[in-house]
Amino acid sequence: MLVGLIVVWLLVNFFKDPSEFAAVFLIGLTNGTVYGLVAIGYTLVYGILQLINFAHGDVFALSGLVSFTVLVDWLGVTPADSTAVAVGGILFTLVVVMAVFATVNVTIEFVAYRRLRHAPRLAALITAIGMSFIVQNVGLALYDVDFRSASGLIPRTNVFEIGDVSYTWNKFMVILITVPVLVLLTWFVASTRHGKAMRATAQDRDAAAMLGINVNRTISVTFALAGALAAVGGVLFLTQFNMRYDTGFELGLIAFTAAVLGGIGNLTGAVLGATLIGLIQAFNEGLAWHAPGSDWTRSIVFGILIAILVFRPEGLLGERTPEGA
Amino acid sequence: MTTEPTREDVILEIDDIHTYYGAIHALKGVSLNVRAGEIVTLIGANGAGKTTTLRSINGLNQPRDGRIRFQGRDITSVPSHQVVKMGIAQSPEGRKLFPRMSVRENLEMGAFQRSDRKNLREDLDRVYTLFPRLSERKNQKAGTLSGGEQQMVAIGRALMARPKLLLLDEPSMGLAPIFVEKIFEIVREINEQGTPILLVEQNALMALETASRGYVMETGRIALADEAKALRQNEQVRKTYLGEGA
């Protein structure tokens, strides 16, 4: 019923103004990919530890701020520079920030979560919330309350233009960087030795240890991957929007919702959930005919979170497990 | 001069270990050994400490006191992933398969720590020969198999490590009698091919028929140790574990 109404609403919007619809769709897709990069971090860590790592959103935000330092303060890239310089600067920043935040995330696990692995889940959860505040306040201490942004480095010239619909390089870059990252991640998890160890540890930690898998190292690898992906998200977010120390709180919750929507623990699910949330947000804020508007975005997104937890806790692609989650 | 086994014969030697679960003193001085070529069984009631003994051996729950030696090397504090590398593989209680991996992937995970991965094909064939049923189901997800089939995968997975000592924890648990017979047959076959086995079982009758020696555990201690044949005759054992009325 509700789904039917939404479909009708989308169709009406589509026929009233197809080019607006397409433009909004592309915006949603772009934002959804950034959410996806963060959502994967939640899902990877949950899959292996059954822990919701609330610090993850804040790690993402801090990585964005640090990438501002690298890209703008150190490298001095400005919108006046040529595209080649900007692209080179962004790629270099990506590599540096991914390495730094892989390390940061591994350290967080080592310091805050490792000793609590056999403690009641509530203990780890509260520690995760504490870690979230710590990372957020490190961001506040280092960068103050000001917003940072590096938008405008990549020219807003068109990749393609059909009728009134245009898609700019500035936005397309997000997809251009995210897709290979996701392909690499999928290959890593499916085919490498570390990837197999990750899947085995996620499915049965004791059995994995009995087969000679170094469980501690495997969990570290997982946090490193999650941190590196959050950093990709941080750099890309910085090239699109403004961000400051507390940006990660809300974006983290949105990404977490995306991970739950797709089925927490499921990589494809996280990307699918994030794309859907990105589209829902864009349609809600961008369509002209009877859209609730941006004031309602949060209510809608978190309404979705509650609806999934109540009606389909395993998410769109998740499998039902005996524990129900 | 003596009929006692020489030291080289003993591949696993557990000497007075004490293991704790948090504050619970689970093993209160357990000693046992396994010699080359043997099947040794460890029987006892639920909670006697059988599984804890295995977890002490493979490093998942390291003893606080006492010594465990494997092929003459002290492995008391060796982390579990290295214990496996030294040649101790286990088929755990409750099977503990990777439910979302196929049968074949589960088996391949058994060879995870091996550096000589070129003989993988050969070892897979060996497992499929022992368990022809698994070869029919190699692409099926392990979570969808029957209990008996899952037990076959668990044992096969442990064999993929080419163990020098195989630990089997409750291989007959929850299986139909026909499968129990079959599993014990295969345990004997694996042993005849040269692998010593430490077999933990609640099915004391089958275990004592299969093993050459046995230990009886009671509340964290070894209560009895003898030849399997002698234990089968032991009145205490018959009453308590073989279900014979007094």
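The values are calculated or read from the model by the stated rules, or taken from the named source; none is laboratory data. Just so we're clear, the structure is a prediction, and the values are computed from it rather than from any experiment. Virtual Cβ from ideal backbone geometry, glycine too; neighbours counted across all protein chains shown. Note: areas computed on protein heavy atoms with side chains; ligands, DNA, RNA excluded. Shrake-Rupley method; radii C 1.70, N 1.55, O 1.52, S 1.80 Å.
To keep it simple, each residue is scored yes or no on (1) modelled with pLDDT of 95 or more; (2) under 20 Å from the mean Cα position of the chain (by Cα); (3) surrounded by 13 or more Cβ atoms within 10 Å (Cβ to Cβ).
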site: A:V96; (1), (2), (3): yes, yes, yes
site: A:A99; (1), (2), (3): yes, yes, yes
site: A:N105; (1), (2), (3): yes, yes, yes
site: A:V111; (1), (2), (3): yes, no, no
site: A:R117; (1), (2), (3): no, no, yes
site: A:P120; (1), (2), (3): no, no, no
site: A:G139; (1), (2), (3): yes, yes, yes
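Listed here are the residues, each with its yes/no results for (1) buried (at least 24 other Cβ atoms within 10 Å of the Cβ); (2) within 14 Å of another protein chain (Cβ to nearest Cβ); (3) under 20 Å from A:I40 (Cα atoms).
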{"residue": "A:R205", "(1), (2), (3)": "no, yes, no"}
{"residue": "A:A208", "(1), (2), (3)": "yes, yes, no"}
{"residue": "A:N214", "(1), (2), (3)": "no, yes, no"}
{"residue": "A:I219", "(1), (2), (3)": "yes, yes, yes"}
{"residue": "A:G227", "(1), (2), (3)": "yes, no, yes"}
{"residue": "A:A230", "(1), (2), (3)": "yes, no, yes"}
{"residue": "A:L236", "(1), (2), (3)": "yes, no, yes"}
{"residue": "A:N242", "(1), (2), (3)": "no, no, no"}
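Residues are listed down the side, and each one gets a yes or a no for (1) of a type in the set (A, V, I, L, M); (2) farther than 23 Å from A:D246 by Cα:
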| residue | (1), (2) |
| --- | --- |
| A:T33 | no, no |
| A:G41 | no, no |
| A:F60 | no, no |
| A:G76 | no, yes |
| A:A84 | yes, yes |
| A:A99 | yes, no |
| A:R115 | no, yes |
| A:A119 | yes, yes |
- Task: Please give the number of the condition A:G152 fails out of (1) modelled with pLDDT under 90; (2) over 30 Å from A:L29 (Cα atoms).
- Result: (2)
- Query: Is it true that A:I308 is surrounded by 15 or more Cβ atoms within 10 Å (Cβ to Cβ), in a helix (DSSP H, G or I), in contact with a Leu (Cβ under 9 Å, 6 or more places away or on another chain) and free of Cβ contacts under 8 Å to residues at least 60 places away in the same chain?
  - Reply: yes
- Please enumerate the residues belonging to the stretch A:156-174 that are under 24 Å from the mean Cα position of the chain (by Cα) and surrounded by fewer than 17 Cβ atoms within 10 Å (Cβ to Cβ). A:R156, A:W169, A:F172
- Item | Members of the stretch A:63-80 that are open to solvent by 10 Å² or more (accessible area, probe 1.4 Å), at pLDDT 95 or above and in contact with a Leu (Cβ under 8 Å, 6 or more places away or on another chain) | A:F68
- Residues (out of contact with any helix residue (DSSP H, G or I) (no Cβ under 7 Å at 6 or more places or on another chain), touching a residue at least 24 places away in the same chain (Cβ under 8 Å) and not acidic (D, E)) located in the stretch A:74-108: A:T78, A:P79, A:T83, A:A86, A:V87, A:A99, A:T103
- Query: Is there a residue in the stretch B:178-187 that is in contact (Cβ under 8 Å) with a residue 60 or more places away in the chain and under 13 Å from the mean Cα position of the chain (by Cα)?
  - Reply: yes
- Message: Suppose we filter the stretch A:180-203 for residues that are touching a residue at least 40 places away in the same chain (Cβ under 8 Å) and either of a type in the set (F, W, Y) or away from every other protein chain (no Cβ under 12 Å) (or both); how many remain?
- Response: 5
- Message: Whether any residue in the stretch B:22-34 is under 30 Å from A:R193 (Cβ atoms) and either in contact with an Asp or Glu (Cβ under 8 Å, 6 or more places away or on another chain) or in a loop (DSSP other than H, G, I, E, B) (or both) is what I want to check.
- Response: no
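Per-residue answers, yes or no, for (1) among the hydrophobic types (A, V, I, L, M, F, W, C); (2) surrounded by fewer than 18 Cβ atoms within 10 Å (Cβ to Cβ); (3) more than 20 Å from B:E170 (Cα to Cα):
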position: B:P79; (1), (2), (3): no, yes, yes
position: B:M86; (1), (2), (3): yes, yes, yes
position: B:L97; (1), (2), (3): yes, no, no
position: B:R104; (1), (2), (3): no, no, yes
position: B:A111; (1), (2), (3): yes, no, yes
position: B:R114; (1), (2), (3): no, yes, yes
position: B:N119; (1), (2), (3): no, yes, yes
- Query: Do we have any residue at all in the stretch B:24-32 that's modelled with pLDDT of 95 or more, open to solvent by less than 10 Å² (accessible area, probe 1.4 Å) and in contact with a helix residue (DSSP H, G or I) (Cβ under 7 Å, 6 or more places away or on another chain)?
  - Reply: yes
- Of (1) at pLDDT 95 or above; (2) out of contact with any Ser or Thr (no Cβ under 7 Å at 6 or more places or on another chain); (3) within 14 Å of chain A (Cβ to nearest Cβ), B:Y21 fails just (1)
- Message: Looking at the stretch A:25-45, can you tell me whether even one residue there is open to solvent by 30 Å² or more (accessible area, probe 1.4 Å) and farther than 20 Å from A:V232 by Cα?
- Response: yes
- helices (runs of 4 or more DSSP H) contained in the stretch B:64-157 and holding at least 1 residues more than 14 Å from chain A (Cβ to nearest Cβ), farther than 21 Å from A:S191 by Cβ and modelled with pLDDT of 95 or more: B:120-130, B:132-136
- Query: Out of all the residues in the stretch B:102-127, which are among the acidic types (D, E) and free of Cβ contacts under 8 Å to residues at least 40 places away in the same chain?
  - Reply: B:E105, B:D116, B:E122, B:D123, B:D125
- Task: Give me a count of the residues in the stretch A:145-167 that are touching a residue at least 40 places away in the same chain (Cβ under 8 Å) and within 24 Å of A:G234 (Cβ to Cβ).
- Result: 12
- So is B:I190 out of contact with any strand residue (DSSP E or B) (no Cβ under 6 Å at 6 or more places or on another chain), closer than 22 Å to B:V10 by Cβ and surrounded by 17 or more Cβ atoms within 10 Å (Cβ to Cβ) or not? yes
- Message: So, in the stretch B:157-181, exactly how many residues are over 14 Å from B:Q202 (Cα atoms) and either surrounded by 18 or more Cβ atoms within 10 Å (Cβ to Cβ) or polar (S, T, N, Q) (or both)?
- Response: 10
- Query: Applying the selection to the stretch B:48-60, what residues are more than 10 Å from chain A (Cβ to nearest Cβ) and in a loop (DSSP other than H, G, I, E, B)?
  - Reply: B:A48, B:G49
